[in-house]
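Read through the structure below, which is laid out as structure tokens, and then see the notes.
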Amino acid sequence: MSQATSPTEDVFRESVSELCGWRRQKVNRFEFARLAVSHRRLVRANLPQEGLCGLLDEENRTWYVIPERELDL
């Protein structure tokens, strides 16, 4: 029996193979929060095994990342 995944995980699995050509930009928690609530079209792209939270901006091919431990969750 296969494990169910969320739509976000499915989108990320499709996108992760394309990340090699993307610009990776580390952001602080304030910038990450600003991006998360902005009107830009961003896709959630976390790498839990590496402890990273991320947002993909498909328009300018940028992956905004922050270590999970730096977020006040």
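The values are calculated or read from the model by the stated rules, or taken from the named source; none is laboratory data. Computed from a prediction, not measured in an experiment: that's the story for all the values here. Neighbour counts are summed over all protein chains in view; Cβ atoms, including those assigned to glycine, are modelled from backbone coordinates with ideal geometry.
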Please name all residue pairs, on different chains or six or more residues apart, with Cβ atoms under 9 Å, provided the first residue is in the range 23-47 and is touching a residue at least 40 places away in the same chain (Cβ under 8 Å) and closer than 11 Å to D57 by Cβ and the second residue is among the aliphatic types (A, V, I, L, M) and in a strand (DSSP E or B).
Q25/V65
Looking only at residues that are under 12 Å from V65 (Cβ atoms) and surrounded by 14 or more Cβ atoms within 10 Å (Cβ to Cβ) in the range 1-24, which one is modelled with the highest pLDDT?
W22
Pick from the range 33-73, criterion within 16 Å of W22 (Cβ to Cβ) and basic (K, R), ranking: surrounded by the fewest Cβ atoms within 10 Å (Cβ to Cβ)
R41
